[in-house]
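Report on the following structure.
The values are calculated or read from the model by the stated rules, or taken from the named source; none is laboratory data. What you see is a predicted model, and the numbers here were worked out from it, not measured in a lab. A quick note on method: Cβ atoms are made from the backbone with ideal geometry, for glycine too, and the neighbour counts reach across all protein chains shown. For the accessible areas, the whole protein counts, side chains as well, though only heavy atoms, and no ligand, DNA or RNA atoms are used. Shrake-Rupley method; radii C 1.70, N 1.55, O 1.52, S 1.80 Å.
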Amino acid sequence: MTATECDLRLTSGSQYELVRKGGHYETMYNLFHELGIQSNILVSATYSHRTRRLTEPTLFKALHIVIKHHPALGIIGVGKSSQKKNGNHRLWEARLNTINLKDCVEFVQYDGEDQGLQRVIEKSHNEWFSTGDKTRPWWKLVVVNGAHVLFVYHHMIGDGRSGYAFHRSLLAALNEIEALKTIDGISTDSRSFMVNVPAALPPAHATALVQAQLSMLHVIYNFLWWTLIRLIFSNERFFFSDASFSNTYPTPTNPFPKDKRTVTRIESMQVDCTTKEKCVDACRIHNTTLTALLQTLIQVTLAADIYPKAMLGFSQVAVDFRRYLKTKPGVDVMMNASSTFSNPQRLRRYREAGRDSKIGAGNGTVPGVHLDIPLLWHLASQNKAKLHNDLNNFNTALQDYLTVPLLGSDDEEFASQLFPNIGRVSNNTFLVSNIGAFQGMTKDLSAGWSIGHVEFSAAATKASCGTAGIVFNVASVEEGDLVVNASYEEGVLKPETVRKVMKGVKERLTLLLE
């Protein structure tokens with residue numbers, strides 16, 4: 001009997017069952033959590049009903065349905081001995097046999113809905129899963145004031161779009177049980193809060209479904225390009241040159257201690273529905289997208305207001321690869337199928353766009369803020385064209401996604417290759433991660449439950465092992481507000497710097513749409 005067969009037999013009938021070896025991205029996100037680099041991601045949705053608030057019995061009943069639809073909710077990670085090298089370890093994905101909903105659902109009350117929700121989001125990012133306990137799932141729900149549901153989950157379970165998939169299922173389940181008049185009266189005995197996890201596998205790992213081959217020429221070019229950039233330019237020629245952090249890297253045998261784990265801080269910006277719709281319409285007219293516009297506004301603000309000496313700007317945009325896979329999983333499948341498109345650019349024109357005072361009508365309404373509006377729209381259109389051209393021709397974004405498997409499959413091998421090199425690419429970057437407008441909500445309140453507000457937030461990563469910059473997490477509903485949650489590591493950037501960036505972006509957006 002092989003070691004693997006023995007492991008499978010030993011776990012049969014216990015709290016979990018091994019189902020498959022972890023994918024490369026699942027291995028990376030598991031290491032991020034286990035080594036103290038990144039805690040979790042979350043998607044929040046506000047649920048409305050004309051006569052009700054969410055209660056424990058209602059939610060538990062709905063979760064019975066949701067868990068049956070999403071096998072990923074029953075998946076945890078288990079480390080096993082490597083079959084490649086003695087002393088090394090390999091991640092396996094295991095399926096819990098049951099989930100105790102009382103372990104993963106929490107009801108809290110806060111005064112001041114908006115500020116209270118932001119505090120809960122930040123607090124949730126700074127609470128780490130007890131992954132050593134193999135009886136608990138790697139996700140939880142935090143229900144605020146009986147209305148706001150935060151789906152907080154380990155990144156190994158899925159990407160940002162997976163949070164939307166969860167909330168669409170939960171909304172459908174709530175409306176499915178709406179006809180059951182006695183739902184609030186059911187008892188919370190073991191039958192109501194213990195859920196049997198269905199014996200179904202999550203979808204195949206996305207790296208196995210990509211319709212492209214990795215080019216080693218791209219890998220070599222990328223390595224040489226970043227090496228030369230770091231040799232030629234001093235750090236002050238980039239964004240986030242003022243970031244304060246130590247270049248220390250954890251290992252599987254020496255993770256960051258609990259008091260040195262990443263602490264996430266959040267700054268939020270809300271764009272009302274009317275402004276958002278005006279923005280989307282203007283983007284169509286100027287042949288760009290909301291994501292490209294936000295990317296451009298952030299880069300203009302950083303170049304003009306924060307880092308006047310910077311010469312090169314490194315921006316990244318999160319990309320959903322579901323549509324590019326051989327087997328199309330659809331939008332309602334929880335998985336990791338996202339990567340980033342990197343877009344290094346000279347900053348001269350961005351700085352001009354943010355400092356030009358000759359812009360004509362409208363400048364006086366936002367004192368101290370300047371904007372060359374035609375130039376900004378031109379830059380935003382270029383950014384959209386670059387991304388679409390890259391995706392349509394399977395260039396850098398897809399190639400970068402396929403590079404991760406080169407790091408190996410064992411934890412020790414993966415960590416030794418990733419952490420000394422990731423800073424070369426990521427340390428001076430900002431990321432825009434827009435999971436789009438939430439669709440599938442019930443618009444007729446008389447029909448039952450509906451969702452009227454959503455937010456997305458990813459915990460910060462340790463600066464030495466991810467980015468020392470800011471991650472802008474964007475989400476909205478079709479006929480509601482848009483929210484940008486900017487996450488960064490505590491102590492790396494000054495809070496006033498992040499607030500100044502958010503203020504500059506919102507003021508320029510207001511000026512742009514006058």
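Give the shape of segment 276-352 as rounded, prolate or oblate, defined through the alpha-carbon gyration tensor: a ≥ b ≥ c are the square roots of its eigenvalues, a/c under 1.5 means rounded, and otherwise the shape is prolate if a/b is larger than b/c and oblate if not.
Numbers: a/c = 3.11, a/b = 1.70, b/c = 1.83.
Oblate, since a/c reaches 1.5 and b/c is not below a/b.
Once you charge only the Cβ atoms, +1 for Lys and Arg and -1 for Asp and Glu, what is the size of the charge dipole of the chain about its Cα centre, to the nearest 20 debye? Could you put the intermediate results ahead of the total?
Details: 54 positive and 49 negative charges, 171 e Å.
It works out to roughly 820 debye.
Which whole-number value in Å² is the accessible area per residue of the chain, probe 1.4 Å? Let's see the in-between values first.
Values: 21730 Å² over 514 residues.
Per residue, the chain has 42 Å² of solvent-accessible surface.
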**OP:** Obtain the nm distance between the two label points defined at N86 and V280 by a simple spin-label model: each point lies 7 Å from its Cα along the Cα-to-C-beta direction.
**Re:** 6.1 nm
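Quick one: order S416, S48 from most to least accessible surface, probe 1.4 Å. Each step should come with its number before you reach the end.
Values: S416 70, S48 45 Å².
Solvent-accessible surface, decreasing: S416, S48.
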Original post:
From the residues V300, P252, L347, which one has its Cα farthest along the dipole of segment 246-396 in the positive direction, the dipole being from +1 and -1 charges on Cβ of Lys/Arg and Asp/Glu about the Cα centre?
Top reply: P252
Subject >> Sequence-distant aspartates and glutamates (8 or more away, or on other chains) whose Cα lies within less than 18 Å of K260 >> reply: E34, E122, E127, E489, E490
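Taking 0.36 nm per residue of separation and subtracting the Cα-Cα distance, what length does fully extending R20 through N175 add?
On the way: separation 155, 0.36 × 155 = 55.80 nm, distance 3.42 nm.
Result for the pair: 52.4 nm of gain on full extension.
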**OP:** Could you grab the relative contact order for the chain? Cα pairs under 8 Å, six or more apart, rounded to a whole percent.
**Re:** 23 percent
**OP:** Please give the length that would be gained between Q109 and H218 if that part of the chain were fully extended, namely 0.36 nm times their separation in residues minus their C-alpha to C-alpha distance (nm, one decimal).
**Re:** 34.1 nm
Subject >> Which of T55, A173, F238, positive extreme of dipole for the chain (C-beta unit charges) >> reply: F238
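Could you order H89, H370, H218 by accessible surface area, starting with the largest, using a probe radius of 1.4 Å? Could you put the intermediate results ahead of the total?
Details: H89 80, H370 60, H218 30 Å².
Of H89, H370, H218, the descending order of accessible area is H89, H370, H218.
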Original post:
Quick one: Cα centre-to-centre distance for segment 299-350 and segment 86-133, in angstrom?
Top reply: 27 Å
Original post:
Which residue, chosen from S476, N427, L406, occupies the Cα position most advanced towards the positive end of the dipole of segment 404-514, where the dipole is computed from +1 (Lys, Arg) and -1 (Asp, Glu) charges on Cβ about the Cα centre?
Top reply: N427
Original post:
How would you classify segment 228-366 from its alpha-carbon gyration tensor, with a ≥ b ≥ c the square roots of the eigenvalues: rounded for a/c under 1.5, else prolate if a/b is greater than b/c, otherwise oblate?
Top reply: oblate
**OP:** Could you list, in their original order, any pairs among K84/K326; K102/K140; K276/K503; K61/K140; K140/K462 whose Cα atoms are separated by more than 19 Å?
**Re:** K84/K326; K140/K462
Subject >> Neighbour cut-off at most 15 other Cβ (10 Å), DSSP loop, trypsin sites (Lys or Arg not before Pro), segment 34-78 >> reply: R50, R53
Subject >> Approximate spin-label separation L231-S48, in nm, with each point projected 7 Å along Cα-to-Cβ >> reply: 5.9 nm
Subject >> Spacing of the two label points (7 Å from each Cα toward its C-beta) at L406 and N100, in nm >> reply: 4.6 nm
Original post:
Which whole-number percentage describes the relative contact order of segment 367-476, with Cα contacts under 8 Å and a sequence gap of 6 or more?
Top reply: 26 percent
**OP:** Give the label of the value calculated from the structure for Cα extents along the principal axes in Å, choosing from (i) 87, 57, 40; (ii) 182, 115, 40; (iii) 70, 60, 43.
**Re:** (iii)
Subject >> Vicinal HN-Hα couplings computed from phi for segment 64-71 (Karplus, 6.51 cos²θ - 1.76 cosθ + 1.60; Hz; Gly/Pro x) >> reply: 4, 6, 4, 5, 5, 7, 10, x
